[in-house]
Amino acid sequence: MARIRVLVVDDHRIFAESLAAALAAEPDVDVAAAGSGPAALRALERAAAEARPYDVILVDAELGGPAPGGAAAVGGSPAVGGVPALPVPRPEEPGAVDGISLVAQVRAARPGVRSVVLAEKDDPRCAARALQAGASGWVAKDCSLQRLLTVIRGVLRDETHLPPALLTGVLRELTTARKHRTESEQLVESLTPREREVLRCMVAGLGRKAVAERLFLSPHTVRTHMQKVLGKLGVHSTLAAVALARRAGVGPAEPVTVRLAGDVVERGSQLA
């Protein structure tokens with residue numbers, strides 16, 4: 001019997017371990033739990049290195065939010081039903097991410113892993129964001145175990161699972177997002193090649209001085225280009241320009257690597 005490896009990611013310890021224990025009772029499911037985004041990424045990396053990759057990751061839509069009662073979870077917990085104990089989330093843990101961001105990171109780093117988002121309430125906008133990030137399913141946390149297993153097995157067949165009540169709202173959100181993306185793409189296309197280079201540097205978080213050094217221009221010239229970029233995009237701030245560029249699919253400029261006496265130095269990777 002082919003076994004399905006599942007990783008539950010939820011910073012509400014009792015829920016995560018209870019769900020993991022229920023899934024572990026299935027004869028064809030191996031399951032573990034992680035209490036934060038960084039812990040999940042480490043678990044995925046470790047499993048891949050051991051040639052035992054996870055097939056499906058179940059991600060809390062509100063991952064990284066406050067624990068019940070407004071306090072962070074403290075202390076450990078014993079294994080439940082043979083499932084490995086859930087690592088306790090640490091609010092100060094570097095690189096903490098929310099559920100949707102985790103889905104996007106998993107999609108980029110482990111494209112073979114299917115992501116399913118677990119949500120306490122149906123939210124068309126959040127569900128649309130999850131699908132855009134690479135999720136294959138959206139399931140209510142209070143759904144039956146059989147329903148969840150159906151979704152898990154379905155996404156492994158490349159199916160996309162959404163509650164019927166969400167479908168219309170999600171399609172509307174995706175259509176609106178596509179419209180905004182198309183409008184943003186048209187605005188970006190109005191830029192000159194040099195202005196697009198400057199925009200990519202802005203997306204990378206580079207300040208005026210860093211952009212000038214990277215493009216071999218004077219700071220005054222860079223300032224002029226930035227003003228023209230803002231004007232053509234119809235925005236009034238760098239942050240708004242970056243947001244529009246992201247919608248249009250504009251990626252950041254790649255860091256410049258310089259070798260000095262055998263050392264590797266990255267230039268233009270910090271705000272000036």
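For beta carbons closer than 7 Å, sequence separation of 6+ or different chains, a first residue in the stretch 113-128 that is closer than 17 Å to ASP11 by Cβ and outside any strand (DSSP E or B) and a second that is of a type in the set (Lys, Arg) and open to solvent by 20 Å² or more (accessible area, probe 1.4 Å), the qualifying pairs are GLU120/LYS141. Of the residues making up the stretch 189-214, those that are part of a helix (DSSP H, G or I) and open to solvent by 20 Å² or more (accessible area, probe 1.4 Å) are GLU189, PRO193, ARG194, ARG196, GLU197, ARG200, ARG208, LYS209, GLU213, ARG214.
Quick one: is SER144 surrounded by 16 or more Cβ atoms within 10 Å (Cβ to Cβ) and of a type in the set (Ser, Thr, Tyr)? The answer is no for SER144. Look through the stretch 215-235, keep the residues that are modelled with pLDDT under 90 and in a loop (DSSP other than H, G, I, E, B), and return whichever of them is most open to solvent (accessible area, probe 1.4 Å). For the stretch 215-235, the residue satisfying everything is GLY234.
Check whether at least one residue in the stretch 117-127 is open to solvent by 40 Å² or more (accessible area, probe 1.4 Å) and hydrophobic (A, V, I, L, M, F, W, C), and report yes or no. No, because not a single residue in the stretch 117-127 is open to solvent by 40 Å² or more (accessible area, probe 1.4 Å) and hydrophobic (A, V, I, L, M, F, W, C). Entry remark, the stretch 139-171: residues being assigned to a loop (DSSP other than H, G, I, E, B) and either aliphatic (A, V, I, L, M) or on the phi > 0 side of the Ramachandran plot (or both) number 3 in total. Considering the stretch 75-106, and only residues there that are more than 15 Å from LEU63 (Cβ to Cβ) and surrounded by 18 or more Cβ atoms within 10 Å (Cβ to Cβ), the residue that is modelled with the lowest pLDDT turns out to be VAL80. Sub-7 Å Cβ pairs linking a first residue in the stretch 26-43 that is part of a loop (DSSP other than H, G, I, E, B) to a second residue that is open to solvent by 10 Å² or more (accessible area, probe 1.4 Å) and not aliphatic (A, V, I, L, M), at least 6 apart or interchain, are ASP28/ARG3; GLY35/ASP11; GLY35/ARG13; GLY35/PRO87; GLY35/PRO89; SER36/ASP11; SER36/PRO89; SER36/GLU93, ordered by first then second residue.
Mind checking which residues of the stretch 1-40 are among the polar types (S, T, N, Q) and surrounded by fewer than 18 Cβ atoms within 10 Å (Cβ to Cβ)? Working first, answer last.
Taking the stretch 1-40 and keeping what is among the polar types (S, T, N, Q), we get 18, 36.
If the condition is that a residue be among the polar types (S, T, N, Q) and surrounded by fewer than 18 Cβ atoms within 10 Å (Cβ to Cβ), then SER18 is the only one that fits.
The values are calculated or read from the model by the stated rules, or taken from the named source; none is laboratory data. Remember, predicted model here, so these are calculated numbers, not experimental data. As a convention, Cβ positions derive from the backbone with ideal geometry for all residues, glycine included, and neighbour counts pool all protein chains shown. Quick note on the areas: whole protein, heavy atoms, side chains included, nothing else; ligands and nucleic acids left out. Shrake-Rupley method; radii C 1.70, N 1.55, O 1.52, S 1.80 Å.
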